[in-house]
Structure formats: C-alpha cells, structure tokens
Amino acid sequence: IALPTAQVFPFDVLTHWPTQVAGRAMDSYHRWMQVSALATLGGCPAVNVPAGFDGRGRPMGMQLIGRPRGDMAVLRAAAAYETTLPWLAGA
C-alpha cells in the first residue's frame, strides 16, 4: 500500500497543529497525523520515501506499507523506488 506520509504539507513552526484538513476539523494534535498510524496499528512494516514538493517547495513523503513480517519486501520496494528519483541521486 502506498499512502502520503502526512495529511498536510509542513506548516509554520508557530502553529501547534493544523486545525482543519480538507475542511474537516482536527480536534487534537494527533488527529492530523492519522494516516501514519495505519501501519503501526495493523502491525505492518512501513518505510517512508521522498515523494516530491508542493508549489512552495515544501516536501511530502510517501509511506510504503507491507504485509506483516514483510519487512524485507518493503525495504526492497523503497530502494527500487528511490532509484527512479533523479533529483535524489547522490544524496
């Protein structure tokens, strides 16, 4: 499974957490990060890889989630994906 790493792009350091995501109220600090909890709660291996930038240059990642005990498959998929990113070469 491939999902965004976060539901929003990075926000100002003075902002405690986003109060809305796509028009939906976020009632706590962790609510805006729910997308990243899926793998953990399901006991599945996950790895995050760079996905790109928005129009303001803020980064976003993509989490690759595998089957339980599929750690090596997830790591191989991440390594293969990263070889396709020309802007990451030499990092």
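Here are some notes:
- Pairs of Cα atoms nearer than 8 Å and 6+ residues apart set the relative contact order; for region 2-83 it is 31 percent.
- Extension gain for GLU82-ALA51 works out to 10.2 nm (0.36 nm per residue, less the C-alpha to C-alpha distance).
- Put a plus charge on the Cβ of each Lys and Arg, a minus charge on the Cβ of each Asp and Glu, and nothing anywhere else: the dipole of the chain about its Cα centre is then about 160 debye.
- Distance in nm between pseudo-label sites at ARG67 and TYR29 (7 Å out along the Cβ direction from Cα): 3.7 nm
- Between helix 71-82 and the chain: long-axis angle, C-alpha atoms, 0 to 90°, nearest 10: 80 degrees
- By other beta-carbon atoms within 10 Å, ranking TRP87, TRP32, TRP17 with the fewest at the front produces TRP87, TRP17, TRP32.
- Additional length obtainable on full extension of the chain from LEU75 to ALA37, 0.36 nm per residue less Cα span: 11.8 nm
- Helix content alone sets the calculated 222 nm mean residue ellipticity of the chain: runs of n ≥ 4 DSSP H residues at -39500 (n - 2.57) each, divided across all residues, give -5500 deg cm²/dmol.
- Pairwise alpha-carbon distances in region 1-44 exceed 13 Å for 58% of all pairs.
- Rg and Dmax of the chain, based on Cα coordinates, read 14.8, 41 Å.
Any read-out appearing in this document is the output of simple, stated calculations on the displayed coordinates, not a laboratory observation. Nothing here was measured: the structure is a model prediction, and the numbers come from that model. When we count neighbours, we look across all protein chains shown, and the Cβ atoms used for this are built from the backbone with ideal geometry, even at glycine.
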